[in-house]
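The values are calculated or read from the model by the stated rules, or taken from the named source; none is laboratory data. Note that the coordinates shown come from a computational prediction; the quantities given were computed from them, not determined experimentally. Glycine also receives a Cβ, built like all others from the backbone with ideal geometry; neighbour counts cover every protein chain displayed.
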Amino acid sequence: MTLLTNKMKEEICKDYPLYSQDGKGGNATCVAKFFLGSCTWYITEGNYEDGDFIMFGIFANGDEHEYGYVSLKEMESVNVKGFEIERDLYFDRQPLKEIKDSSLQNYLSHFYGEDN
């Protein structure tokens, strides 16, 4: 599966480049969602860097969450016993605080307070 089409990468670079959503907390727009088993990546920003597409967002594994950067090339190379990372094809861009994932919402509330 192509995790991000060229059109999606261009739209993210134009509308949500790296560092463009700093300080928005739960109001930051999640532009893509990826998953593999219990692991989920909520991507909020991205840019081309050194021949790769670097993204920023929240990585979630069960109740463990953290903000960080991830390389598209690295994500595309992951293969765990025949399973690969997939993009949620039914996900629509939306603020992080509107995503229906209780553990994500708990993390955002803990990280930013009740108002996100």
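With respect to the numbered conditions (1) surrounded by fewer than 19 Cβ atoms within 10 Å (Cβ to Cβ); (2) within 13 Å of the chain's Cα centre (by Cα), which one is the sole condition not fulfilled by Met75?
For Met75, the exception is condition (1).
Quick one: Leu18 ticks every box in (1) at pLDDT below 95; (2) in contact with a Gly (Cβ under 8 Å, 6 or more places away or on another chain); (3) in a loop (DSSP other than H, G, I, E, B); (4) not basic (Lys, Arg) except a single one, so which number is it?
Every condition holds for Leu18 apart from (1).
For residues in region 74-116 being within 18 Å of Thr44 (Cβ to Cβ) and of a type in the set (A, V, I, L, M, F, W, C), which is modelled with the lowest pLDDT?
Phe111
Of all residues in region 1-36 being touching a strand residue (DSSP E or B) at 6+ places or on another chain (Cβ under 9 Å) and among the polar types (S, T, N, Q), which is surrounded by the fewest Cβ atoms within 10 Å (Cβ to Cβ)?
Among residues in region 1-36 that are touching a strand residue (DSSP E or B) at 6+ places or on another chain (Cβ under 9 Å) and among the polar types (S, T, N, Q), the one surrounded by the fewest Cβ atoms within 10 Å (Cβ to Cβ) is Thr2.
Among the residues in region 81-104, are any over 22 Å from Lys7 (Cα atoms), surrounded by fewer than 20 Cβ atoms within 10 Å (Cβ to Cβ), in contact with an Asp or Glu (Cβ under 9 Å, 6 or more places away or on another chain) and of a type in the set (Val, Ile, Thr)?
no
For region 37-63, name all the residues that are charged (D, E, K, R) and crowded, with 16+ Cβ neighbours inside 10 Å.
As a first pass, look at region 37-63 and keep what is charged (D, E, K, R): 45, 49-50, 52, 63.
Selection gives Glu45 alone.
If you scan region 78-116, which residues turn out to be of a type in the set (A, V, I, L, M), over 18 Å from Ala28 (Cα atoms) and under 13 Å from the mean Cα position of the chain (by Cα)?
Here is the first cut: in region 78-116, the ones of a type in the set (A, V, I, L, M) are 78, 80, 85, 89, 96, 99, 104, 108.
Cutting the leftovers down to over 18 Å from Ala28 (Cα atoms) gives us 78, 80, 85, 89.
Scanning region 78-116 gives a single hit, Ile85.
With the checklist (1) in a loop (DSSP other than H, G, I, E, B); (2) under 16 Å from Thr2 (Cα atoms) in hand, flag the one item Met75 doesn't pass.
That leaves (1) as the condition not met.
Gly62 passes all but one of (1) within 17 Å of Phe111 (Cα to Cα); (2) touching a Leu at 6+ places or on another chain (Cβ under 9 Å); which number fails?
Result: Gly62 passes all but (2).
Leu3 versus (1) in a loop (DSSP other than H, G, I, E, B); (2) out of contact with any helix residue (DSSP H, G or I) (no Cβ under 9 Å at 6 or more places or on another chain): which is the lone unmet condition?
(2)
So the check is Cβ under 7 Å with 6+ separation or different chains; which pairs have a first residue in region 83-100 that's part of a loop (DSSP other than H, G, I, E, B) and a second one that's of a type in the set (Val, Ile, Thr)?
Correct list of pairs: Glu84/Val78; Ile85/Val78; Arg93/Thr29; Arg93/Val31.
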